[in-house]
Amino acid sequence: MAPATPAEGGVNVDVTVTGLRNTKGRIIACMTSDESHFPRCRDVAGSYKANAAAADDVVLHFAGVVPGTYAIALLHDENENGRADRALTLIPREGFGFSRDAPVRMGPPSFEDAAFPIGTTAITQTIRMRYLL
């Protein structure tokens, strides 16, 4: 669960995931400071990734995070195919969550709604998983 871009002297960010409907699959997380790549920050410089098996108690750990403003997107990849499955090409079949419990309307929240500051001390977040189907 190492960051995509390791940073010496960065801080740790721990994310407790709540509201899982089952313990199938994995929880996949991406944290980025690049608002143009949120919530999909795969292979984006300066983004951090973490994942863990779905379980009753899930805590994701991002290590060595450089201070800045970030947003986190989570996916409960129940079938472990590495992507968000959808019904009718729009409605997510699997769970999702965002930092600051950012509101979801007709698509993912804006970076601004999910963004939070990271300074020079370790922080913890709690993100609630949501399901539409």
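The values are calculated or read from the model by the stated rules, or taken from the named source; none is laboratory data. Just so you know, these numbers come straight off a predicted model, no measurement behind them. Neighbour counts run over all protein chains shown; Cβ positions are idealised from the backbone, glycine included.
Name the residues in the stretch 33-63 that are assigned to a loop (DSSP other than H, G, I, E, B) and surrounded by 17 or more Cβ atoms within 10 Å (Cβ to Cβ), would you?
Across the stretch 33-63, the qualifying residues are S33, F38, P39, C41, V44, G46, S47, A54.
Residue under question is C30, and the condition is that it be part of a loop (DSSP other than H, G, I, E, B) and not charged (D, E, K, R); does it hold?
No; evaluated as a whole, the condition is false for this residue.
Pairs needed: first member in the stretch 49-75, on the phi > 0 side of the Ramachandran plot; second member anywhere, buried (at least 17 other Cβ atoms within 10 Å of the Cβ) and polar (S, T, N, Q); C-beta distance under 7 Å; at least 6 residues apart or different chains.
Partner pairs satisfying both residue conditions: G68/S33.
Any idea which of (1) under 22 Å from I123 (Cα atoms); (2) of a type outside the set (G, A, S); (3) in contact with a helix residue (DSSP H, G or I) (Cβ under 7 Å, 6 or more places away or on another chain); (4) modelled with pLDDT under 95 is the one C41 doesn't satisfy?
(3)
Can you confirm whether the stretch 116-131 contains a residue that is in contact with a Leu (Cβ under 7 Å, 6 or more places away or on another chain), at pLDDT 95 or above and more than 18 Å from V11 (Cα to Cα)?
Yes; the residues of the stretch 116-131 include at least one that is in contact with a Leu (Cβ under 7 Å, 6 or more places away or on another chain), at pLDDT 95 or above and more than 18 Å from V11 (Cα to Cα).
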